[in-house]
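A.B. asks: Okay, handing you the structure first.
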Amino acid sequence: MRAHLRKNDTVMVIAGRERGKTGKVIRVLPERHRATVERLNIVKRHTKARGPQTPYGVVEKEAPIHLSNLMVMCDKCNAPVRMGKLRLEDGRSVRVCRRCKEQIDR
């Protein structure tokens, strides 16, 4: 299955503990149907020391969120929107907002 999100997309969380918050996609894991969003879904991990570069302690980091709980934000609508595909005259396929028909891909 292909992910509808891409790295650097602005997304809004529509379900779960972080509902209503927005952020930028850092990483997409299509094989697990998940994406990591900047500064959202923060979890604490207890780490063991692995040399001078990685000391021990409690590290806070972003955990992946399921793709079904994320929606792309349209810059023009300033709202979470569904996406459609549009084929341009030069043959390229781009993602478009279903509300305002504005291109999401730049």
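A.B. asks: Does the range 7-55 hold any residues that are surrounded by 13 or more Cβ atoms within 10 Å (Cβ to Cβ) and either closer than 19 Å to Cys97 by Cα or in contact with a His (Cβ under 7 Å, 6 or more places away or on another chain) (or both), and which are they?
C.D. replies: Asp9, Thr10, Val11, Met12, Val13, Ile14, Thr22, Gly23, Lys24, Val25, His33, Arg34
A.B. asks: Which condition number does Met1 fail, the rest of (1) touching a strand residue (DSSP E or B) at 6+ places or on another chain (Cβ under 9 Å); (2) modelled with pLDDT under 95 being met?
C.D. replies: Just one mismatch for Met1, condition (1).
A.B. asks: Looking only at the range 40-56, decide whether some residue is in contact (Cβ under 8 Å) with a residue 24 or more places away in the chain, in contact with a Leu (Cβ under 9 Å, 6 or more places away or on another chain) and of a type outside the set (Asp, Glu).
C.D. replies: No, that holds for no residue.
A.B. asks: Quick check, is Thr36 β-branched (Val, Ile, Thr) and farther than 20 Å from Asn78 by Cα?
C.D. replies: yes
A.B. asks: Return the residues of the range 24-78 that are of a type in the set (S, T, N, Q) and touching a Lys or Arg at 6+ places or on another chain (Cβ under 9 Å); say none if nothing qualifies.
C.D. replies: Thr36, Asn41, Thr54, Asn69
The values are calculated or read from the model by the stated rules, or taken from the named source; none is laboratory data. Predicted model, so just to flag it, every value in this text is computed and none were measured. Don't worry about glycine lacking a Cβ; one is built from the backbone with ideal geometry, like all the others, and counts go over all protein chains shown.
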